[in-house]
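Enquirer: Starting off with a structure, shown below.
The values are calculated or read from the model by the stated rules, or taken from the named source; none is laboratory data. Computed from a predicted model, the values in this text were never measured in an experiment. Neighbour counts are summed over all protein chains in view; Cβ atoms, including those assigned to glycine, are modelled from backbone coordinates with ideal geometry.
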Amino acid sequence: MNRFSYHRAGDIAEAAQMGAEPDTRFLAGGTNLVDLMKANVERPTRLVDISRLSQNTIEDLPEGGLRLGAFATNADTAYDERVEQRYPLLSSAILAGASPQLRNAATNGGNLNQRTRCYYFYDTETPCNKREPGSGCSAIGGVNRIHAILGTSEACIATHPSDMCVALAALEAEVRVQGPAGERVIAFADYHRLPGDEPWKDNTLQPGEIVTAIDLPADSFTENYTYLKLRDRLSYAFALVSVAVGLKMEGGKIAKARLALGGVAHKPWRVPAAEALLEGQEPSADLFAQAADAMLQGAVGQGTNDFKIELARRAIRRALRQAAAGTPQSQTNKQVA
Ligand SMILES: Cc1cc2nc3c(=O)[nH]c(=O)nc-3n(C[C@H](O)[C@H](O)[C@H](O)COP(=O)(O)OP(=O)(O)OC[C@H]3O[C@@H](n4cnc5c(N)ncnc54)[C@H](O)[C@@H]3O)c2cc1C
Ligand code: SF4
């Protein structure tokens with residue numbers, strides 16, 4: 001039993017000040033953090049409960065976008081009428097994750113900051129650089145079926161497990177954060193980081209910084225989009241590979257393309273060159289195969305996850321086909337949610 005204190009923050013400023021202290025963790029829905037504490041992976045001496053703070057609404061932005069409060073639940077976000085109608089890619093990605101009970105408790109801020117599902121990260125008997133810096137990486141040369149094929153380092157080959165974040169990457173959302181030094185806005189592509197030689201850092205938050213909201217731009221994909229998630233079971237399983245695609249079609253050509261991959265790297269994976277390759281072109285099997293190759297340039301298997309490279313290649317081609325035809329996977333996701 002590890003002793004810790006519990007404080008319910010009165011506002012963001014108080015939470016940020018407390019959160020900057022060593023060995024302090026923010027508690028939101030608790031669906032990841034409490035599991036990690038039970039497994040002895042996270043051992044905070046102080047929990048600062050931010051789940052009751054007022055940033056739990058979803059609000060229209062003056063320029064036509066939408067602001068998702070960090071403490072709104074994943075369920076409230078996915079079923080918000082404006083999200084369903086204006087950002088169906090996001091709604092279907094959220095509903096492809098976890099289970100209804102978990103989505104009722106999990107918050108948007110917690111989803112961004114959830115930690116990897118690497119087996120060794122959870123097993124305190126094995127070396128893991130993310131859990132214990134400098135101890136080694138058991139997944140390299142170990143069982144690495146769920147691990148990364150892109151952007152890995154010699155220190156860590158973990159993936160980021162979120163579905164929601166893959167859609168947010170394709171939508172080019174912005175993350176609003178507040179900390180002891182004030183407020184700032186981080187482009188979604190810069191929020192999560194690759195492991196490099198500091199794999200214990202999942203993102204670019206500074207000590208005490210709290211995610212307060214996620215801003216969605218006015219420009220979205222309402223006709224030609226898909227979130228395709230491939231996993232071992234049809235529900236209640238993390239992605240082996242997932243693909244978020246948003247296309248804008250004009251006169252039979254792709255005017256705008258945004259793609260992001262999940263389950264393959266330490267952060268949602270985007271390759272602007274693959275998007276540029278699609279833009280201005282008519283959809284075709286050849287074009288989609290070229291885009292898939294561009295997305296996967298530099299992919300390297302780690303042994304038991306070698307299959308992911310071909311799985312991802314096929315998933316990208318299928319997701320592009322579905323999005324171009326206007327037949328999103330979201331129908332299926334909603335049926336099984
Ligand atoms: C069995 C199971 C299956 C799951 N399947 C999926 C799945 O298929 N797809 C998927 O995407 N997810 C899945 N999840 C993960 C789930 O989505 C996350 O646990 C959840 O989103 C975390 O949100 P929370 O509010 O509960 O965060 P918490 O557990 O409270 O916090 C998680 C982390 O985020 C930090 N944090 C929380 N809020 C903030 C904030 N506003 N600012 C800064 N830091 C913050 C906390 O300090 C902590 O480190 C699954 C979880 C479980 C238990
Ligand atoms: S892949 Fe990363 S999280 Fe997993 S054991 Fe290696 S260092 Fe730890």
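Here's the yes/no breakdown for (1) surrounded by fewer than 23 Cβ atoms within 10 Å (Cβ to Cβ); (2) touching an Asp or Glu at 6+ places or on another chain (Cβ under 6 Å); (3) farther than 23 Å from LYS130 by Cβ:
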{"site": "ASP202", "(1), (2), (3)": "yes, no, no"}
{"site": "GLU223", "(1), (2), (3)": "yes, no, yes"}
{"site": "TYR236", "(1), (2), (3)": "yes, no, yes"}
{"site": "HIS266", "(1), (2), (3)": "no, no, no"}
{"site": "TRP269", "(1), (2), (3)": "no, no, no"}
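Enquirer: Report whether or not THR45 is closer than 27 Å to GLY208 by Cβ, modelled with pLDDT of 95 or more and touching a Gly at 6+ places or on another chain (Cβ under 9 Å).
Expert: No, not satisfied.
Enquirer: Right, here's the next one. Filter the stretch 285-310 down to residues that are among the hydrophobic types (A, V, I, L, M, F, W, C) and outside any helix (DSSP H, G or I) and give me whichever is nearest to LEU261 (Cα to Cα).
Expert: LEU296
Enquirer: Shifting gears a bit: Would you pick out the residues in the stretch 1-51 that are closer than 16 Å to LEU112 by Cβ and of a type outside the set (A, V, I, L, M)?
Expert: Hits for the stretch 1-51 are GLY19, ARG25, PHE26, GLY29, GLY30, THR31, ASN32, SER51.
Enquirer: Against the condition surrounded by fewer than 24 Cβ atoms within 10 Å (Cβ to Cβ) and within 11 Å of ligand 1 (Cβ to nearest atom), how does SER99 come out, does it pass?
Expert: Yes: the conditions hold for SER99.
Enquirer: If only one of LEU150, LEU168 is touching a Phe, Trp or Tyr at 6+ places or on another chain (Cβ under 6 Å), within 16 Å of ligand 2 (Cβ to nearest atom) and under 22 Å from GLY97 (Cβ atoms), which one is it?
Expert: LEU150
Enquirer: Kindly list, by first and then second residue, each pair from a residue in the stretch 86-110 that is at pLDDT 95 or above and among the basic types (Lys, Arg) to a residue that is assigned to a helix (DSSP H, G or I) and more than 16 Å from ligand 2 (Cβ to nearest atom), limited to pairs with Cβ atoms under 8 Å and residues at least 6 apart or on different chains.
Expert: The qualifying pairs are ARG103/ASN74; ARG103/ALA75; ARG103/ALA78; ARG103/ILE94; ARG103/LEU95.
Enquirer: Only residues that are assigned to a strand (DSSP E or B) and closer than 27 Å to TYR236 by Cα: list them for the stretch 31-61, please.
Expert: Selection gives ASP49, ILE58.
Enquirer: Filter the stretch 139-170 down to residues that are over 12 Å from the mean Cα position of the chain (by Cα) and farther than 27 Å from GLY30 by Cβ, then give me how many there are.
Expert: Selection size over the stretch 139-170: 14.
Enquirer: Going through the stretch 221-266 one residue at a time, which ones are modelled with pLDDT of 95 or more, within 27 Å of ALA28 (Cβ to Cβ) and part of a loop (DSSP other than H, G, I, E, B)?
Expert: Across the stretch 221-266, the qualifying residues are ARG231, PHE238, ALA239, LEU240, GLY263, VAL264, ALA265, HIS266.
Enquirer: Let me ask something else. Against the definition (in contact with a Ser or Thr (Cβ under 8 Å, 6 or more places away or on another chain), under 15 Å from ALA265 (Cα atoms), free of Cβ contacts under 8 Å to residues at least 24 places away in the same chain and not small (Gly, Ala, Ser)), how does ASP190 come out, yes or no?
Expert: Taking the combined requirement at face value, the residue satisfies it.
Enquirer: Against the condition in contact with a helix residue (DSSP H, G or I) (Cβ under 9 Å, 6 or more places away or on another chain), within 16 Å of ligand 2 (Cβ to nearest atom) and of a type outside the set (S, T, N, Q), how does ASP202 come out, does it pass?
Expert: So ASP202 passes the test.
Enquirer: Taking the options ASP80, ASP23, name whichever one is modelled with pLDDT of 95 or more and exposed (fewer than 14 other Cβ atoms within 10 Å of the Cβ).
Expert: It is ASP23.
Enquirer: Which numbered condition trips up MET18, out of (1) aliphatic (A, V, I, L, M); (2) surrounded by 14 or more Cβ atoms within 10 Å (Cβ to Cβ); (3) within 28 Å of ALA75 (Cα to Cα)?
Expert: Only one criterion is unmet by MET18, namely (3).
To keep it simple, each residue is scored yes or no on (1) modelled with pLDDT of 95 or more; (2) surrounded by fewer than 24 Cβ atoms within 10 Å (Cβ to Cβ); (3) assigned to a loop (DSSP other than H, G, I, E, B).
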{"site": "ALA139", "(1), (2), (3)": "yes, no, yes"}
{"site": "GLU154", "(1), (2), (3)": "yes, yes, yes"}
{"site": "ILE157", "(1), (2), (3)": "yes, no, yes"}
{"site": "SER162", "(1), (2), (3)": "yes, no, yes"}
{"site": "ALA167", "(1), (2), (3)": "yes, no, no"}
{"site": "VAL175", "(1), (2), (3)": "yes, no, no"}
{"site": "GLU183", "(1), (2), (3)": "yes, yes, no"}
{"site": "ILE186", "(1), (2), (3)": "yes, yes, no"}
